[in-house]
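Taking it in order: structure first as structure tokens, then the write-up.
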Amino acid sequence: QVQLLESGGGLVQAGGSLRLSCAASGRTFRNYAMGWFRQAPGEEREFVAAISWSGGGTAYADSVKGRFTISRDNAKNTVYLQLNSLKPEDTAVYYCASSHLAKATSNDEFDYWGQGTQVTVSS
């Protein structure tokens, strides 16, 4: 079973940056996409970014385009999310997820989820 562990969250001022990491362990498959989701208090979990197995295809929510960058290092079984120009509305728990599909962006296309890491952006 795939296990995912997020890290890198914290408290940062508006305009600042953070880098989130997601380390995967256990059984993995050649064709799988990885993604990041987030959930703010009182809100449903929403899609943030995803990356294909090859790393050549990425997708972002409109709210983070141009500010966040997703990347992966398959040799290290690790996915990253670089968060730049952070805004208070980015405050949420960020979750890493893996899919059995080569490409995936929908919540129901992801099979395994991490425990989440808190990102808090102050005004």
Selection count, the range 1-23, where residues are touching a helix residue (DSSP H, G or I) at 6+ places or on another chain (Cβ under 9 Å) and farther than 19 Å from residue 86 by Cα: 1
I'd like to check something: does the range 88-108 contain any residue that is in a helix (DSSP H, G or I), in contact (Cβ under 8 Å) with a residue 40 or more places away in the chain and of a type outside the set (Asp, Glu)? yes
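Scan the range 12-20 and give yes if some residue there is of a type in the set (A, V, I, L, M), in a strand (DSSP E or B), over 16 Å from the mean Cα position of the chain (by Cα) and within 15 Å of residue 118 (Cα to Cα), otherwise no.
First, the residues of the range 12-20 that are of a type in the set (A, V, I, L, M): 12, 14, 18, 20.
Still in the list and also in a strand (DSSP E or B): 12, 18, 20.
Then drop every residue that is not over 16 Å from the mean Cα position of the chain (by Cα), which leaves 12.
Keeping just the survivors that are within 15 Å of residue 118 (Cα to Cα) gives 12.
Scanning the range 12-20, I find at least one residue that is of a type in the set (A, V, I, L, M), in a strand (DSSP E or B), over 16 Å from the mean Cα position of the chain (by Cα) and within 15 Å of residue 118 (Cα to Cα), so the answer is yes.
I need the full set of residues from the range 84-96 which are under 21 Å from residue 42 (Cβ atoms) and surrounded by 17 or more Cβ atoms within 10 Å (Cβ to Cβ), in order please. It would help to see each step written out before you state the result.
The initial filter retains those residues of the range 84-96 that are under 21 Å from residue 42 (Cβ atoms), namely 86-95.
Of everything in the range 84-96, those that are under 21 Å from residue 42 (Cβ atoms) and surrounded by 17 or more Cβ atoms within 10 Å (Cβ to Cβ) turn out to be 86, 90, 91, 92, 93, 94, 95.
Pick out, from the range 40-79, the strands (runs of 3 or more DSSP E) lying fully within it that include 1 or more residues that are modelled with pLDDT under 90. Write out each step before concluding.
Working: elements: 46-51, 58-60, 68-73.
Once the strands (runs of 3 or more DSSP E) in the range 40-79 are filtered for at least 1 residues that are modelled with pLDDT under 90, what remains is 68-73.
Filter the range 109-122 down to the residues that are part of a loop (DSSP other than H, G, I, E, B), within 16 Å of residue 44 (Cβ to Cβ) and either open to solvent by 60 Å² or more (accessible area, probe 1.4 Å) or out of contact with any Ser or Thr (no Cβ under 6 Å at 6 or more places or on another chain) (or both) and list them by number. Show your work before the answer.
Residues of the range 109-122 that are part of a loop (DSSP other than H, G, I, E, B), as a first pass: 110-111, 114-116.
Checking the rest, the ones that are also within 16 Å of residue 44 (Cβ to Cβ) come to 110, 116.
Scanning the range 109-122 gives a single hit, 116.
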Residue set 80, 95, 32; condition over 14 Å from the mean Cα position of the chain (by Cα) and aromatic (Phe, Trp, Tyr); output residue 32
Filter the range 21-63 down to residues that are hydrophobic (A, V, I, L, M, F, W, C), under 14 Å from residue 92 (Cα atoms) and surrounded by fewer than 22 Cβ atoms within 10 Å (Cβ to Cβ), then give me how many there are. 2
Residues located in the range 68-81, provided they are open to solvent by less than 60 Å² (accessible area, probe 1.4 Å) and more than 13 Å from residue 38 (Cβ to Cβ): 71, 72, 73, 74, 77, 78, 79, 80
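The values are calculated or read from the model by the stated rules, or taken from the named source; none is laboratory data. On a predicted model such as this, the values are computed, not experimentally measured, just so you know. For neighbour counting, all protein chains shown are included, and Cβ atoms are generated from backbone atoms with ideal geometry for every residue, glycine included. Just so you know, the surface numbers come from the protein's heavy atoms only, side chains and all, with ligands and any DNA or RNA stripped out. Shrake-Rupley method; radii C 1.70, N 1.55, O 1.52, S 1.80 Å.
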